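S.K.: Once you've had a glance at the structure underneath, I'll fire off some questions.
The values are calculated or read from the model by the stated rules, or taken from the named source; none is laboratory data. Just so we're clear, the structure is a prediction, and the values are computed from it rather than from any experiment. All Cβ positions, even for glycine, are placed from backbone atoms using ideal geometry, and neighbour counts span all protein chains on display.
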Amino acid sequence: MMSKKGLNLIRNYSINFDRHERKIQNINFVIIHYTGMKNEKAAVKRLCDTKSKVSSHYFIKKNGEILNLVPDNFIAWHAGKSRWKKYNLLNKNSIGIEIQNPGHSYKYLNFSLKQIYSLKKLIKFLLKKYKILDKNVLGHSDIAPERKKDPGEKFPWKNLAKEGLCTWHTLSKKDLKNTRKIRISYKYQNIFLKNLYKIGYNPIRGQSLKINQKKLTMAFQRRYRQELVDGKVDKECLLISKNLSKI
């Protein structure tokens, strides 16, 4: 067991990573995932199995223990096909954190308090060590909205934002009152999409405008409007996107 300034990390190294060491200055993002598997033991095994071709730098167990699977200075295989702002294939620029949770396919659960406590400590450490901006702490669904839902709408982004660990909008309940489900014109739906591109989301390649808008909207809602994830752009989504595009 090793300690990184108060972090108790258990070494459980995976062999699934690129063999060449990367430059520290290329680490610009933290990407958060859930495992999407019923069994914690099976999830760890998969992240360490050469046949799976997947891994992450860290794994947070249900009891809050943190496993260190891949050293930070090597590229783990967690982001896959992904885009954010000008970045493509974010494995090379990111640190991946997997959190045990069965996910949407297996009775999606709330994350445990111990998991979130450990996650906060880990993110604080990583942001400070690698000078990563809070706006570069992202979910898997942010960078791959066409195929991923994790960490999902039960992940406490707002809670993390209160401690400066990610971004959140600055609108109050009063600002957003009675705006949910209020339909907006196509003109303002297009403005909403442009706001998403300013935030960092990218158009989904090879998809129709309708599918592109729905997938991006659902990813945005899972992150910033978690009470209702329906893929429909309403006035509430528009206001939140406008606010975030200026941060």
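S.K.: Does any residue of region 90-109 turn out to be over 25 Å from Lys198 (Cβ atoms), among the polar types (S, T, N, Q) and either in contact with a Pro (Cβ under 6 Å, 6 or more places away or on another chain) or buried (at least 16 other Cβ atoms within 10 Å of the Cβ) (or both)?
M.R.: yes
S.K.: Another question, if that's okay. When only residues in region 113-160 that are among the hydroxyl-bearing types (Ser, Thr, Tyr) and touching a strand residue (DSSP E or B) at 6+ places or on another chain (Cβ under 9 Å) count, which is nearest to Gly36 (Cα to Cα)?
M.R.: Filtering region 113-160 for residues among the hydroxyl-bearing types (Ser, Thr, Tyr) gives 117-118, 130, 141.
If we keep only those that are touching a strand residue (DSSP E or B) at 6+ places or on another chain (Cβ under 9 Å) too, we end up with 118, 130.
Working: Ser118: 19, Tyr130: 28 Å.
So the residue we want is Ser118.
S.K.: Still on this structure, please answer the following. Going through region 125-135 one residue at a time, which ones are assigned to a helix (DSSP H, G or I) and more than 16 Å from Asn68 (Cβ to Cβ)?
M.R.: Matches in region 125-135: Leu127, Lys128, Asp134, Lys135.
S.K.: For Lys114, which of the numbered conditions (1) assigned to a loop (DSSP other than H, G, I, E, B); (2) of a type outside the set (S, T, N, Q); (3) touching a residue at least 24 places away in the same chain (Cβ under 8 Å); (4) assigned by TED's automatic domain parsing to the domain that holds Asn26 fails to hold?
M.R.: Among (1) assigned to a loop (DSSP other than H, G, I, E, B); (2) of a type outside the set (S, T, N, Q); (3) touching a residue at least 24 places away in the same chain (Cβ under 8 Å); (4) assigned by TED's automatic domain parsing to the domain that holds Asn26, Lys114 violates only (1).
S.K.: Could you check how many residues of region 158-181 are over 30 Å from Leu119 (Cα atoms) and surrounded by fewer than 11 Cβ atoms within 10 Å (Cβ to Cβ)?
M.R.: The number of residues fulfilling the criteria is 3.
S.K.: Next question. Tally up the residues in region 73-111 that are farther than 24 Å from Pro203 by Cα and without any contact (Cβ under 8 Å) to a residue 40 or more places away in the chain, please.
M.R.: Here the count works out to 1.
S.K.: Also, I was wondering about something else. Scanning region 1-48 for residues that are free of Cβ contacts under 8 Å to residues at least 12 places away in the same chain and charged (D, E, K, R), which turns out farthest from Tyr87 (Cα to Cα)?
M.R.: Lys41
S.K.: Answer yes or no: is there a residue in region 75-83 that is more than 14 Å from the chain's Cα centre (by Cα), among the hydrophobic types (A, V, I, L, M, F, W, C) and part of a strand (DSSP E or B).
M.R.: yes
S.K.: Considering only region 136-162, how many residues are within 12 Å of Arg223 (Cβ to Cβ) and in a helix (DSSP H, G or I)?
M.R.: 8
S.K.: Return a yes/no flag: does region 45-60 have any residue that is at pLDDT 95 or above, surrounded by fewer than 21 Cβ atoms within 10 Å (Cβ to Cβ) and closer than 22 Å to Lys120 by Cα.
M.R.: Checked region 45-60: no residue is at pLDDT 95 or above, surrounded by fewer than 21 Cβ atoms within 10 Å (Cβ to Cβ) and closer than 22 Å to Lys120 by Cα.
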